[in-house]
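None of the figures in this text is laboratory data; all of them are computed from the coordinates on show. Only a predicted model underlies this, so the values are computations on that prediction, with no experimental measurement involved. No Cβ is skipped: glycine too gets one built from the backbone with ideal geometry, and neighbour counts run over all protein chains shown.
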Amino acid sequence: MPTKNENLKKNGCFNNNYENVFANIFSAAPFFDKQDIVQVKYEMLRAASNNEGSITEIADAFGFSRKSYYQANTAYNAGGLYGLIPKKTGPQKAHKLNTEVQKFIESYLVTHKNAKAKEITAAVASEMNVQIHPRTIYRYLKKN
């Protein structure tokens, strides 16, 4: 069974900056975990709502900047605790590998059965004027 920290890392909720959390509440009881980013953000917002110091002091004690405090506050007001869960950054899917490119790759493979990803990349670039990394094409071929 995975440990709590393994689950936090797997779900993107591990606080890589936990060494900079100095708020007293995290030494008060084992329930409070500096490595749980959602809990740290929530406790930071709670401390601010209880006027336990200035926003700058509170953010610093919890290992965040003022800007990060305001971002967390906005996220919490919009989505509750769920809003405090870090979101995956970057593209969520292969945005260059659209249906048209996929059809081109499939038709190219009909006439070039043993084509490698680099060769297909060059063909896509010359025929469709789309730059796709060979690794993206390799993953697509492997999946299909």
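If you build a Gaussian network model of the chain, linking Cα atoms that sit under 10 Å apart, which residue out of Tyr108, Tyr70, Tyr18 swings the most?
Tyr108
Output needed: percent of Cα pairs per 5 Å distance bin for the chain, bins running from 0 to the one holding the longest distance.
In order of increasing distance, the bins hold 2, 9, 15, 15, 10, 6, 6, 8, 9, 9, 7, 4, 2, 0, 0 percent.
Please give the net charge around Gly63, taking every other residue with its beta carbon less than 9 angstrom from that of Gly63, where Lys and Arg add +1 and Asp and Glu add -1.
-1
Given the Cα-Cα distance of Asn51 and Glu100 and 0.36 nm per residue of separation, how much length would full extension add, in nm?
The span from Asn51 to Glu100 would gain 12.0 nm if fully extended.
Whole-Hz Karplus ³J(HN,Hα) for segment 119-125, in order, using 6.51 cos²θ - 1.76 cosθ + 1.60 and θ = phi - 60°, x for Gly and Pro?
Here the 3J(HN,Hα) series is 5, 5, 4, 5, 5, 5, 5 Hz.
Work out the FRET efficiency for Lys113 and Gln92 from their Cβ-Cβ distance, taking R0 = 41 Å, and round it to the nearest 0.05.
0.80
Non-local amide H neighbours of Asp36 (under 5 Å, H modeled in plane, Pro and chain starts lacking H): which ones?
When sequence neighbours closer than 5 places are left aside, the close amide H contacts are Asn15.
Pairs Lys9/Lys118; Lys9/Lys41; Lys4/Lys67; Lys88/Lys118; Lys67/Lys87: which are spaced more than 24 Å apart, C-alpha to C-alpha?
In this structure, Lys9/Lys118; Lys4/Lys67; Lys88/Lys118 lie more than 24 Å apart at Cα.
With an 8 Å cut-off on Cα pairs and a minimum separation of 6 or more residues, tell me the relative contact order of segment 99-144 in percent.
31 percent
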